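I have placed the structure first, in the form of structure tokens, so that the comments after it can refer back to it.
The values are calculated or read from the model by the stated rules, or taken from the named source; none is laboratory data. This one's a predicted model, so the numbers in the text were calculated from it and none came from an experiment. Positions of Cβ are generated from backbone atoms using ideal geometry, with glycine treated the same way; all protein chains shown enter the neighbour counts.
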Amino acid sequence: MSWETVAGIAAGLLLAYAVLLLLLWWYARRHPETVTMKDALRLLPDLLRLIKGLAADRTVAAGVRVRLVLLLAYLLSPIDLVPDFIPVIGYADDAVIVALVLRSVLKRAGPGALEKHWPGSRSGLDIILKTAAPARQRP
């Protein structure tokens, strides 16, 4: 592989990365209610405790608990769909998978189960419920 090919690939990746950052910035500016990275990092420990608590709760359906255990295994696994060392989108796949699983849990177990096991603040739970709710149920 020639150096021109390598330089072209590198330039293309940098351009794609810059466009992605620009789109994320644009989206965040148009949607001020979007969760910031700081808020997301603050929610992470509570979210992990929520998943662990729901997975251990025998009153929650077995299928839901299996999904939560698989989600925990995926999050703890060093193997990802998109490697985490790739800036921005490396963690985006994890966030999407968590949101999809929580949407499934919310649909199956109901918001009461999430409220029962949520260890954090009410505002944090509201963010989780809003993120996990299907688009047609959002206010």
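Identify, from the list Leu100, Leu75, Leu70, the residue that is farther than 30 Å from Ala16 by Cα and not aromatic (Phe, Trp, Tyr). Even if it seems obvious, please write down each step before you answer.
On the way: Leu100 fails: farther than 30 Å from Ala16 by Cα; Leu75 fails: farther than 30 Å from Ala16 by Cα.
From the options Leu100, Leu75, Leu70, the qualifying one is Leu70.
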query = Can you name the condition, by its number, that Val88 falls short on among (1) modelled with pLDDT under 80; (2) surrounded by fewer than 16 Cβ atoms within 10 Å (Cβ to Cβ); (3) closer than 14 Å to Leu43 by Cα?
reply = (3)
task = Provide a single number: the residues in the range 90-111 that are more than 16 Å from the chain's Cα centre (by Cα) and farther than 18 Å from Lys52 by Cβ.
result = 3
request  = With the condition kept exactly as written, say whether any residue in the range 24-43 is at pLDDT 75 or above, among the hydrophobic types (A, V, I, L, M, F, W, C) and in the same structural domain as Ser104 (by TED's automatic domain parsing).
outcome  = yes
